[in-house]
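What follows is a short report on a single structure.
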Amino acid sequence: MPRSLKKGPFVDDHLMKKKGTKNVIKTWSRRSMIVPEMIGHTIAVHDGRKHVPVFITEQMIGHKLGEFAPTRTFRSHVKEERRSRR
């Protein structure tokens, strides 16, 4: 369920404080929403193992940071022929 318009987007305070710097910003806050002030920054979002660098563009506004750092690695489905060889 989305957040109410009255409250506005949720962005962690530490991300808003660092918005002026052009260094890579490390964060564990996957729940923070991308706002227009973040355009052009690179934010390293934690995926559970490592920090994944995400370059913020205009098309990402309104999405959450966690959407761009997948937490699970997909290893393709193995066909029956290959499975029997192993």
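Would you pick out the residues in the stretch 26-63 that are β-branched (Val, Ile, Thr) and under 12 Å from the mean Cα position of the chain (by Cα)? Show your work before the answer.
Of the stretch 26-63, the ones β-branched (Val, Ile, Thr) are 27, 34-35, 39, 42-43, 45, 52, 54, 56-57, 61.
Passing the criteria: Thr27, Ile34, Thr42, Ile43, Val45, Val52, Val54, Ile56, Ile61.
Go through the stretch 17-86 and tell me which strands (runs of 3 or more DSSP E), entirely inside it, have 3 or more residues that are of a type in the set (A, V, I, L, M, F, W, C) and open to solvent by less than 50 Å² (accessible area, probe 1.4 Å).
Details: elements: 25-27, 42-46, 51-55.
Of the strands (runs of 3 or more DSSP E) lying wholly inside the stretch 17-86, those with at least 3 residues that are of a type in the set (A, V, I, L, M, F, W, C) and open to solvent by less than 50 Å² (accessible area, probe 1.4 Å) span 42-46.
Consider the stretch 5-16. How many of its residues are of a type outside the set (D, E, K, R) and open to solvent by less than 50 Å² (accessible area, probe 1.4 Å)? Steps first, answer last, please.
Quick first cut of the stretch 5-16, residues of a type outside the set (D, E, K, R) only: 5, 8-11, 14-16.
Then drop every residue that is not open to solvent by less than 50 Å² (accessible area, probe 1.4 Å), which leaves 8, 11, 15.
Residues flagged as of a type outside the set (D, E, K, R) and open to solvent by less than 50 Å² (accessible area, probe 1.4 Å) within the stretch 5-16 amount to 3.
The values are calculated or read from the model by the stated rules, or taken from the named source; none is laboratory data. The shown structure was predicted, so the numbers you read here are calculated from the model rather than taken from an experiment. Keep in mind that these areas ignore ligands, DNA and RNA; they rest on the heavy atoms of the full protein, side chains included. Shrake-Rupley method; radii C 1.70, N 1.55, O 1.52, S 1.80 Å.
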